[in-house]
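Would you mind keeping the following structure in view while I ask a few things?
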Amino acid sequence: MMGLMASEETRTAETRTADTRTAMSSTSTSSTGRGAAAASTPETPPGAGRTRAWATRLVVLGIVLSALNLRPAITSLGALLEEVRDGLGMSGSVAGLLTSVPPLCFAVFGVTAPRLARRFGPAAVVCAGMVAITAGLLIRPYVGGTAGFLAATALALMGIAVSNVLMPVIVKRWFPDRVGSMTGLYSMALALGTSLAAAVTVPLTDAMGGDWQSGLAVWAGLAAAAVLPWLPLVRDRGAAPGQQRPEQARPERARTAGAAAEEQSVPLRITRSRTAWALAVFFGLQATAAYITMGWMAQIFRDAGVAAGTAGLLLAVTMVMGVPLAFVIPRVATRLPHQGPIVLVLGVCGLAGYAGLYLAPAGGAWAWAVLLGISNCAFPLALTMVGMRARSGAGVAQLSAFAQSTGYLISIPGPLLVGVLYQQSGGWGLPIALMAGLMVPQMLVGFLAGRNRTVEDEAAAH
């Protein structure tokens, strides 16, 4: 799988490097008479090709392992929400607040990701994010009390937030000719981690004596594994694996610095782009549906008489639908001039799933889980459109931060409101009606965000 990821950007960088060195060699010959010495300098340091290949493999491995860890902090909690509520003495409203913490953290911390990436490099920031996830997951079950649980959860979600924003940037930078396939691979791993946590958290907890604290803490091990691939890359300040570091090719330093300065010399006024706003709202509404599903769907089934273990499996089915579809949908989306039809298909599946939850939550549980799983694939579609709606890496970084931070802000009230409606009404009729109602504007703004245009063009036109 990793062998497929040899980037065209690498080949382009090598060609430009050779052209630059040839030009510098010619200049040196005419001005100083030392052309022979310049010509004898090897164009590629020994082992550079192997270094690039290993760097590419590490990036792919890092993307996959990081994606596996971007949702277990949430879905493992959803599977044990009733036990956590009992153990910490939470009310329904406080539990609703707990399910609103992920989008809040993603909005607050995600907006800082581009600035951190410019200063430390995206690989270093993602590495730090994985460390934060590990620490948060390890300590949150044992800190005692609701406040401490929320604080440790926020630490883990902070690491998830910066990684969420930087993953499209890393894909665009290292694999510019494979945005669809790499986004699909990333989204597929994310869906796999999401469904895995939902499916096995309850059985793992039962195997460990029914201790919900151990059942939540076990996921810190997977997060720790995701730190390792990024460690050799933390000193890379944004260069793709095919580009040499300054100490390896000093003649390129001026060109690389000049290109970076040129790329960021004209700031993109992202708020002037209608497509950026449409994508942000689409991202927010699909995130609302996703976090309501991850936080409450298992409880909906349990209240309908489904056993706890089966309810966790149903949530896992919803999440696992994203494994194959998250790989297919981005590849299809990049081949279409307009992604709006995909948005509409996913929305119709969501409406059908909500109707089933309302009319016969237990009788057709498996069918509703599948339909909602298909609908939740709006997330990889949104990530793909982030990469398609901007031309440059800097544009993708700004659009990703804007769409995700704004979108997650929009999504904050949804899970909290579901908890309040559930507690006040004593049933799931009103919450499900809210979920179905939000699907309609999601389809409308998603259709607008899918139009074939770039935010750079729209921002420049105003």
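The values are calculated or read from the model by the stated rules, or taken from the named source; none is laboratory data. The model shown is predicted, which means the values in this text are computed figures rather than measured ones. Every residue, glycine among them, receives a Cβ derived from its backbone with ideal geometry; neighbour counts consider all protein chains shown. These accessible areas exclude ligands, DNA and RNA; they are computed on the full protein's heavy atoms, side chains included. Shrake-Rupley method; radii C 1.70, N 1.55, O 1.52, S 1.80 Å.
Restricting attention to segment 407-453, and to residues there that are of a type in the set (S, T, N, Q) and open to solvent by less than 30 Å² (accessible area, probe 1.4 Å), which single residue is nearest to Ala390 (Cα to Cα)?
That would be Gln442.
Can you work out which of the residues in segment 363-397 that are over 21 Å from Pro324 (Cβ atoms) and free of Cβ contacts under 8 Å to residues at least 40 places away in the same chain is least open to solvent (accessible area, probe 1.4 Å)?
Gly364
Still on this structure, I have one more. Would you please name the residue that is farthest from the chain's Cα centre (by Cα), looking only at residues in segment 318-353 that are open to solvent by less than 50 Å² (accessible area, probe 1.4 Å) and under 23 Å from Gly429 (Cβ atoms)?
Out of the qualifying residues, it is Ala352.
Is there any pair with a first residue in segment 118-141 that is at positive phi and without any contact (Cβ under 8 Å) to a residue 40 or more places away in the chain and a second that is surrounded by fewer than 24 Cβ atoms within 10 Å (Cβ to Cβ) and part of a loop (DSSP other than H, G, I, E, B) whose Cβ atoms are under 9 Å apart and which are 6 or more apart or on different chains, and what are they?
Hits for this filter: zero, empty list.
Here's something else I'd like to know. What number of residues in segment 175-202 are in a helix (DSSP H, G or I) and either in contact with a Ser or Thr (Cβ under 7 Å, 6 or more places away or on another chain) or on the phi > 0 side of the Ramachandran plot (or both)?
7
Still on this structure, please answer the following. What's the total number of residues in segment 142-201 that are over 22 Å from Pro102 (Cα atoms) and open to solvent by 30 Å² or more (accessible area, probe 1.4 Å)?
Number satisfying all stated conditions: 5.
Do we find a residue being under 21 Å from the mean Cα position of the chain (by Cα), farther than 26 Å from Leu196 by Cα and not hydrophobic (A, V, I, L, M, F, W, C) anywhere in segment 379-386?
no
Hey, does segment 358-371 have a residue that's in contact with an Asp or Glu (Cβ under 9 Å, 6 or more places away or on another chain) and small (Gly, Ala, Ser)? Step through it out loud before you land on a result.
Initial filter on segment 358-371 (in contact with an Asp or Glu (Cβ under 9 Å, 6 or more places away or on another chain)): 361.
From what's left, small (Gly, Ala, Ser): none.
The answer is no; no qualifying residue exists.
Having 3 or more residues that are under 20 Å from Gly350 (Cα atoms) and at pLDDT below 90 is the bar; report the helices (runs of 4 or more DSSP H) wholly within segment 252-334 that clear it.
In segment 252-334, 274-303, 308-320, 322-333 are the helices (runs of 4 or more DSSP H) which contain 3 or more residues that are under 20 Å from Gly350 (Cα atoms) and at pLDDT below 90.
Okay, moving on. Filter segment 53-98 down to the residues that are part of a helix (DSSP H, G or I) and among the charged types (D, E, K, R), then identify the one that is modelled with the highest pLDDT. So that I can check it myself, show each step before the final result.
To start, the set of residues in segment 53-98 that are part of a helix (DSSP H, G or I) comprises 53-68, 72-79, 81-88, 92-98.
When the remaining residues are screened for being among the charged types (D, E, K, R), the result is 57, 82-83, 85-86.
Numbers: Arg57: 83, Glu82: 74, Glu83: 80, Arg85: 76, Asp86: 78.
So the residue we want is Arg57.
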